[in-house]
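Colleague: Please see the structure below; I have some questions.
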Amino acid sequence: MYYINMKDILLQYAMYSSWSNERITNMILSLDESLVKQIIPSSFPSLYDTIYHVWESGLIWWLRLNPELSSVHSLEKRDIRFDKLVGMLQTLDKDWIDWVKDANEDDFLRQLDYKNKKGEPFRQPVFELLMQVFNHQTYHRGQLVTMLRMLGVTNIPGTDYITFSRIVQ
C-alpha cells in the first residue's frame, strides 16, 4: 500500500489532460480544414468550435484562479487559425500543469470566490475547480471522437487514462 496526496492526483490529472488534448488535436491538425470546420450535430457545431470551447472554458477558469491576468486576455469570440488555437490550448494546459506543480496542499483547499457567466456568486475549493477543468475536457474529447467518426476518420488516437498512466510510469 502506498500514500498519494491530492497534489499528486491533480498533477497526474493535469498531465493526462494535456497529453490527451495533444494527441487528439495533433490528429485533427492533419485533417483538411474543411473537415475541421464542417458542421456536425453536437453540443458545438464543429471540431473547431468544440476545441475553441475547451480552450475558452479553461481560460475562464484560469482567470478565475488568476484574476490579475484578466486584463491580458480577451474572451470575445475570435476567428483564430486552427493551428494557433491548438497552440493556445497547449499553452494553457502547460499553465495548469505548472500551477499544480507549484501549489501546495493548502492551495488546493483554499476557497475561491467567483461568479459564473450569469453573475451568480459561488465559493468552492480550488481542487474542485481543477477537477471541473480536467473533467470538462475529457467530456468534450469524447464528443470530438464521436464527431471524427461521423466524418469518417478512422485513425483516431487512444486517449484513455490507463494508457497514459502506463506511458508515464
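Taken together, the values in this text are just the output of simple stated rules run on the coordinates, not laboratory data. The structure displayed is predicted, hence computed values, not measured ones. Here the Cβ is made from the backbone with ideal geometry for all residues, glycine too, and neighbour counts use every protein chain on show.
Colleague: Can you order the peptides 155-165, 114-124 by their average number of other Cβ atoms within 10 Å per residue, highest first?
Modeller: 155-165, 114-124
Colleague: So which trypsin sites (Lys or Arg not before Pro) in the stretch 76-107 pass both tests, a DSSP loop state and at most 14 other Cβ atoms within 10 Å of the Cβ?
Modeller: Sparse-neighbourhood loop trypsin sites (Lys or Arg not before Pro): LYS77, ARG78, ARG81.
Colleague: Let me ask something else about it. List the residues, sorted by chain then number, that are 5 or more residues from LEU112 or on another chain and whose placed amide H is less than 5 Å from its amide H.
Modeller: Answer set, sorted by chain and number: GLN124, VAL126.
Colleague: Further question: I need the phi-derived Karplus couplings for the stretch 81-94: 6.51 cos²θ - 1.76 cosθ + 1.60, θ = phi - 60°, integer Hz, Gly and Pro marked x.
Modeller: So the Karplus estimates, Gly and Pro as x, are 3, 4, 5, 5, 4, 4, x, 5, 5, 5, 5, 5, 4, 5 Hz.
Colleague: Taking θ = phi - 60°, what integer Hz values does the Karplus form 6.51 cos²θ - 1.76 cosθ + 1.60 yield along the stretch 103-110, in sequence order, with x for Gly and Pro?
Modeller: 7, 10, 4, 5, 4, 6, 8, 4
Colleague: Let me ask something else. Which ³J(HN,Hα) values in Hz, rounded to whole numbers, follow from the phi angles of the stretch 143-160 under the Karplus curve 6.51 cos²θ - 1.76 cosθ + 1.60, where θ = phi - 60° and Gly and Pro get x?
Modeller: Once rounded to whole Hz, the list reads 5, 4, 4, 4, 4, 4, 5, 5, 7, x, 6, 10, 8, 7, x, x, 10, 5.
Colleague: While we're here: SER46's amide H: which non-local residues (gap 5+, or another chain) put their own amide H closer than 5 Å, with H modeled 1.01 Å from N in plane and none for Pro or chain starts?
Modeller: Distant-sequence amide H within range of SER46: ILE40.
Colleague: Counting alpha carbon pairs within less than 8 Å and at least 6 residues apart, what relative contact order, in whole percent, applies to the stretch 6-168?
Modeller: Result for the stretch 6-168 is 37 percent.
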